[in-house]
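Before anything else, here's the structure in question.
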Amino acid sequence: MKNDLHPLLSQAEQNGISFEMHGAVAIVRLSRAAKRNALNDGLVQALRDVFQNLPESAMAAVIHGDGAHFCAGLDLSELKERDAGQGMHHSRSWHVALEAIQMGRVPVVAALHGAVVGGGLELASACHIRVADESTFYALPEGTRGIFVGGGGSVRIPKLIGVARMTDMMMTGRVYNAVDGERIGLAQYLVPTGTALAKALELAQRIAQNAPLTNYALMHALPRIAEQSADHGLLTEALMSSIAQADPQAKLRVKAFLDGKAAKVQKS
Ligand code: 1HE
């Protein structure tokens, strides 16, 4: 598979990202464990390049971190070098990279463990599904470091947990453990320590089997509909659902159910 990779994907490997295909799932690993996967400029660009150039065969992706932590956020050693203008462009570079994840071609499942802090939580919140193991903890230490989120956190994190909880995390330095993180909506799945990647892969494999247009609607239409007025949202929904249902994939899948050849919904 490696030979078919876009040159930017191979280059990303030199900047602290490991990449491999597992069937139809792209597995992206932050590989800077010595620095707790802190995101320096090279790593942020590598994330952008990877998600903008996924192989055609990728239908879903998983992102996870090497070592004992998912991600320690912004590489603070680079922060001291920037003036205000450079700071703004730096923040915008994160926006581009995380937008490539959230509004890219395939759904992305984050497998979380250990520290998911600062920019690490911003990265996780750009993914579509978060699976956390019991070692996970979440924080936004920006507040105590005298800075503010800059990787899209102020847009995405309140959508998961609300403005009040994010304000508390930043103002007081509150750290949420894995159980409370799942309870408030930072993760949709909580699994035993050491099993987040396996669970994320299982979910991604299932997602990869969805009709591509359904995944597209969930990634690109749903979040926008949720921001529209009810009136506009209902029209967008009608347009999206008519496009999805007209797709041959939808017709095949509905027919399979009616012919008794597709799985029923089972009680969990
Ligand atoms: C780092 C970073 C980093 C570790 N930038 N180098 N994020 C933070 O404020 C979190 C800062 N990090 C920590 O609180 C801890 O490192 C952890 C809880 C994540 C992990 O603790 P631990 O005991 O496993 O590791 P460590 O001994 O603290 O760190 C190991 C090495 O990684 C050490 O370097 P070394 O050369 O002395 O071995 C650390 O300096 C280095 N390291 N985290 C740089 N973040 C788009 S705006 C986003 C804004 C933010 O993300 S602000 C929040 C930044």
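The values are calculated or read from the model by the stated rules, or taken from the named source; none is laboratory data. Just so we're clear, the structure is a prediction, and the values are computed from it rather than from any experiment. Don't worry about glycine lacking a Cβ; one is built from the backbone with ideal geometry, like all the others, and counts go over all protein chains shown. To get the accessible areas, we keep the full protein, side chains included, count just its heavy atoms, and leave off ligands, DNA and RNA. Shrake-Rupley method; radii C 1.70, N 1.55, O 1.52, S 1.80 Å.
Express in % the proportion of alpha carbon pairs of region 143-256 at distances exceeding 20 Å.
62
What does the charge add up to near A60, with Lys and Arg as +1, Asp and Glu as -1, over the other residues with Cβ less than 15 Å from its Cβ?
Residues near A60 contribute +1 overall.
Work out the length of the dipole vector of the chain about its Cα centre, built from +1 on the beta-carbon of each Lys and Arg and -1 on the beta-carbon of each Asp and Glu, and round it to the nearest 20 debye.
580
Under the Kirkwood approximation for Rh and a Cα-based Rg, what ratio Rg/Rh is obtained for region 1-117?
Rounded to two decimals, Rg over Rh is 0.97.
Calculate the all-directions average of the projected area of the chain's alpha-carbon convex hull, and give it in nm².
Projected area, direction-averaged: 16.0 nm².
How many angstrom separate the Cα center of region 246-268 from the Cα center of region 53-125?
One Cα centre to the other: 36 Å.
Which of L222, L252, L123 moves most in a GNM of the chain, Cα contacts under 10 Å?
The residue that fluctuates most here is L252.
Just how large is the dipole of region 153-268 about the Cα centre, in debye to the nearest 20, putting +1 at every Lys and Arg Cβ and -1 at every Asp and Glu Cβ?
Charge dipole of region 153-268: 360 debye, to the nearest 20.
What's the carbon and sulfur percent of region 7-208's accessible surface, probe 1.4 angstrom, rounded to a whole number?
Here it works out to 54 percent.
Same structure again: If we sort 142-153, 6-17, 232-243 on the protection proxy, mean other Cβ atoms within 10 Å, highest first, what's the order?
Going from most to least packed, we get 142-153, 6-17, 232-243.
Could I ask something else about it? Excluding V25 itself, what net charge comes from residues whose Cβ is under 11 Å from its Cβ, given Lys and Arg +1 and Asp and Glu -1?
-1
So, one more: Per residue, how much accessible area does region 39-93 have with a 1.4 Å probe, in Å²?
Here the residues of region 39-93 average 46 Å² of exposed surface.
Need one number: convex hull volume per residue for region 212-258, Cα atoms only, in Å³.
Dividing the Cα hull volume of region 212-258 by its residues yields 68 Å³.
Could you order R174, R29, R92 so the one with the most accessible surface comes first? Probe is 1.4 Å.
Ranked list, largest accessible area first: R92, R174, R29.
With the cut-off at 1.5 for a/c, could you classify region 42-170 from its C-alpha gyration tensor as rounded, prolate or oblate?
Verdict is oblate for region 42-170.
Of all DSSP beta bridges located in the chain, what percent are antiparallel, nearest 5?
30
Right, another one. If DNA, RNA and ligands are ignored and the probe is 1.4 Å, what is the ranking of Y176, Y189 by accessible area, most exposed first?
Y189, Y176
Another question, if that's okay. Can you give me the Kirkwood hydrodynamic radius for region 189-268, using every pair of distinct Cα atoms, in Å to one decimal?
This gives a value of 15.1 Å.
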